[in-house]
1. With a/c under 1.5 counting as rounded, go ahead and sort the range A:4-312 into rounded, prolate or oblate using the C-alpha gyration tensor (a ≥ b ≥ c being the square roots of the eigenvalues; past the cut-off, prolate if a/b is larger than b/c, else oblate).
2. Just to confirm my numbers, what's the Cα centroid distance between the range A:120-165 and the range B:145-222 in Å?
3. Ignoring ligands, DNA and RNA, how much accessible area is buried between chains A and B, both sides summed, with a 1.4 Å probe, to the nearest 100 Å²?
4. How large is the dipole of the range A:4-312 about the Cα centre if only Lys and Arg carry +1 and Asp and Glu carry -1, each at its Cβ, rounded to the nearest 20 debye?
5. Compute the relative contact order of the range A:427-479 as a whole-number percentage, counting only Cα pairs closer than 8 Å that sit 6 or more residues apart in sequence.
6. Please work out whether the protein assembly as shown counts as rounded, prolate or oblate from its C-alpha gyration tensor, where a ≥ b ≥ c are the square roots of the eigenvalues and a/c under 1.5 means rounded, while otherwise a/b larger than b/c means prolate and anything else oblate?
7. Of A:Lys173/A:Lys312; A:Lys53/A:Lys359; B:Lys23/B:Lys70; A:Lys173/A:Lys249; A:Lys266/A:Lys312; A:Lys147/A:Lys299, which sit over 31 Å apart, Cα to Cα?
8. With a 1.4 Å probe and every protein chain left in place, tell me how much accessible area B:Thr28 has, in Å² to the nearest 10.
Amino acid sequence: MADTEILGTDSAVENPAVGIDQSVGDFTYDVKYEFDAGSGLNEGTVRYISSVKKEAPWILDFRLKAYQTFLDKPMPTHWATKDLESIDFSKIRYYLSQGQKPKRTWDEVPDDIKKTFERLGIPEQERKFLAGVEAQFDSEAAYSNVKDIVAKQGVIFLTSSEALREHPELFRKWFGKVIPTSDNKFSALNSAVFSGGSFIYVPKGVKVAMPLQAYFRINAENFGQFERTLIIADEGAEVTYMEGCTAPKFSTSTLHSAVVELVALKGAKIQYITVQNWANNVFNLVTKRGLAMEDAEIKWIDCNIGSRLTMKYPGVILKGRRARGEVISIALANDGQHQDTGAKMIHAADETTSSIVAKSISVGQGRSTYRGQVHIPKHLKGCKNNTECDALLINSNSRTDTYPAITVRGDRHAVQHEASVSKVSEEMIFYMQQRGLTEAQAMSLAVNGFVNDLVSQFPMEYSVELKRLIDLEMEGSVG
Amino acid sequence: MHTLEIRDLFVALTDQPDKPIVKGLNLTIKAGEIHAIMGPNGTGKSTLSKAIAGHPGYAITGGDVLIDGKSILEMEPDERARAGIFLAFQYPSEIPGVSIANFLRAAVQARLAEGEELDATAYYKRLYGKMDMLKIDRKFTSRAVNDGFSGGEKKRCEILQMAMLEPTFALMDETDSGLDIDALRIVADGVNTMRGPKLGVLLITHYQRLLDYIVPDQVHVMYDGRIVKTGDKGLALELEAKGYDWVKKELAAV
């Protein structure tokens, strides 16, 4: 994530790889890796990762079982796109790092990695508005720090590997409990080879005023990034976590397959914001789910731009009475991209409320798919769901599909579903061009207008970032 | 002084290029002048204004349009706009989710040199100045462009955009159609406020009544794709009294 100021200094950055264009994340520096699991996946790869991390035996067991589950599970191509079959697991590199311990100050971060994050604007944002930052470079975090004021409140913000060593009792209690290893083929893969990601624990009643942020950067070609994040908000606690992601554009494919578990205990609130801007060679197959106990609230804000294929359906299991779940999803699919996104709301207690608002934009030959699952069983009462999905088509060959699966049993619930498809008309573009905007600026403005009611709810820094990303996408989409 | 010259212009629909709608039209507008084009429906008045602005649905099949002697026909619609052409639309598009303030800001930004950033404070000061001048409520610009606007609000929005963008030539396409007398006044007051040596206006109208409020320097009668008669304000009154049939008969007699 870089703001325009950072973009403006691009030319001043030393030694970017030759032949790349100037879009935000698309650059790479040569980095020497101390630890490399090589290409391909077998039991040895799993053991290598675990031994490099000096993990406890139970974690290795967990990984090996997950590896078996991964092998046993078929690709979900009976419902998902056949493009998944293009992933060659034998060509991917599963672990690359310079070391396992993240630095606490930017000065200690090796120069080749530091300049990547500086170019993406991370240290600057940290100074400006964040309570803590973790910056992951390929498999491991290069930097992780939380401001004193937050640490003093007892907030734990570590990489997952560190937390497994330092807080095994907290970690193990919820690890793999919200998303079981066998949830899907990619959650199993993550469970086998996970590395990096964040662990956050917010103690009872603590409200973290500023957001915590993680930045996930893929630098290497043919690489697979498998971070594992677990966030626990204890009773009455509140926290906002934001993640950004970029990767350079390689001709080969890259795999990003994360697992993110959230636990909001009684009365707690977790807000999880993603602004992803993957290069269009990245398969982004992420499983994200939260568990909301009594009176707790979990809100996912999920913005998907870029990638070759994204499959991501953030969900909330509404486990406690009056728990609330919300998903706001924005997806933009450009040429050669498929955004298969949506949400899952599993009502498991009385008077639980869920809301899904999904907006997708298809540009050129881009394809967007909304998949939603809302489940309200018969024995509950007073549950509410509101689902809204709107699609915007920019060109006549763009494509959008909607698969809302809403299962409501019993007659004591309130459910609403609305969907719309609109197209940016030639007349609207001409109108804006007549006021002096180029065709690309006009389309960008139309798209920003389409998502405006959602974006206006984001923290300012992220709404500015999203707008800039949309501008960049639309600029490239007009011939 | 700036000049907009329409020279022997032929215009057709892009998908029907062999059926001309405008058939050899000549007209020169200088900055500071207000020209009115009147004529019966279906005579090519709106086609003329859209073609000058570069609407992709219309093809110029002959002749030329020049600003200060330079042809604008190779320019994209946005380049023409930045060169000083403003089209006040008969049916302005709605742009959901984009406020008038942000839309105008983007339009003003588009006129700056590359790399030059708009000064937000100065922009709002100027915007509010223009709104005061046009007696427009401050709340107006936080609404999405034309989204759910009444006919009068749409015209008000067009006039405000025109005031902010300060074009050299404004083409006003049947701006008065479907307006009640109050809305008509909004348009007329706006144009009269902006009237001056730097602005040339082409008023396209079916009815004479707009010309009671905006007094043109010249009145042209358009019929069957051409200008067939030119005069002063008196011509408009004559048309009002005698109807377009009078022009048709006169033409038939020639």
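The values are calculated or read from the model by the stated rules, or taken from the named source; none is laboratory data. For clarity, every value in this text was computed on a predicted model and none was experimentally measured. Backbone-built Cβ (ideal geometry, glycine too); neighbour counts: all protein chains shown. We work out accessible area using only protein heavy atoms, side chains counted, and drop any ligands, DNA or RNA first. Shrake-Rupley method; radii C 1.70, N 1.55, O 1.52, S 1.80 Å.
1. Taking the square roots of the gyration eigenvalues as a ≥ b ≥ c, the range A:4-312 is rounded.
2. 58
3. 2000
4. On the way: 37 positive and 41 negative charges, 148 e Å.
Around 720 debye, computed over the range A:4-312.
5. That works out to 45 percent.
6. Numbers: a/c = 2.54, a/b = 2.23, b/c = 1.14.
Prolate is the answer for the protein assembly as shown, as a/c is 1.5 or above and a/b outweighs b/c.
7. Flagged as over cut-off: A:Lys53/A:Lys359; A:Lys173/A:Lys249.
8. Estimated to the nearest 10 Å², B:Thr28 gives 60 Å².
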